[in-house]
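Contents: one structure, followed by commentary.
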Amino acid sequence: MNDKQITCCISGHRLEKLSFRADEEDLHCFRLKVGLLGEVDKMRRNGVTTFLSGMDRGVDLMAAQT
């Protein structure tokens, strides 16, 4: 692989659109976070070097925290 930067942009639903809202104890929230972690890890192993997030409350911030 060369030194070229590979970027991934992540955006998703806001808290108001998620079934669990802000309840981080909810099983759906846990599954979403585990799924995000798995996908980010897979992308890193495939050469992605930079991740961007819209930083909105919801999936954007969950991805940024990952």
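The values are calculated or read from the model by the stated rules, or taken from the named source; none is laboratory data. Please read these numbers as outputs of a predicted model, since none were measured by experiment. Neighbour counts are summed over all protein chains in view; Cβ atoms, including those assigned to glycine, are modelled from backbone coordinates with ideal geometry. Side chains included, ligands, DNA and RNA excluded: accessible areas come from the protein's heavy atoms. Shrake-Rupley method; radii C 1.70, N 1.55, O 1.52, S 1.80 Å.
The phi torsions of region 25-42, fed into the Karplus equation with coefficients 6.51, -1.76 and 1.60 and a -60° offset, translate into couplings of 8, 5, 4, 5, 5, 4, 4, 4, 5, 5, x, 4, 4, x, 5, 5, 4, 4 Hz, rounded to whole numbers, with Gly and Pro shown as x. Distance in nm between label sites at VAL40 and GLU24, each 7 Å beyond Cα in the beta-carbon direction? Taking the two extended label points, one gets 1.3 nm. Counting only protein heavy atoms and a probe of 1.4 Å, the accessible surface of the chain is 52% carbon and sulfur. The calculated FRET efficiency for LYS33 paired with SER11, based on their beta-carbon distance and R0 = 22 Å, is about 0.85. For the chain, GluC sites (Glu not before Pro) meeting the loop criterion (DSSP other than H, G, I, E, B) and having at most 16 other Cβ atoms within 10 Å: GLU24, GLU25. The relative contact order of the chain comes to 50 percent, based on Cα pairs under 8 Å that sit 6 or more residues apart. The calculated pair-distance distribution of the chain uses every alpha carbon pair, bins of 10 angstrom beginning at 0, and gives 21, 48, 23, 7, 1 percent. Entry comment: accessible area of the chain is 76 Å² per residue, from protein heavy atoms only and a probe of 1.4 Å. Amide H to amide H, with H built 1.01 Å from N, ILE10 comes under 5 Å of LEU52, SER53, GLY54, counting only residues 5 or more places away or on other chains.
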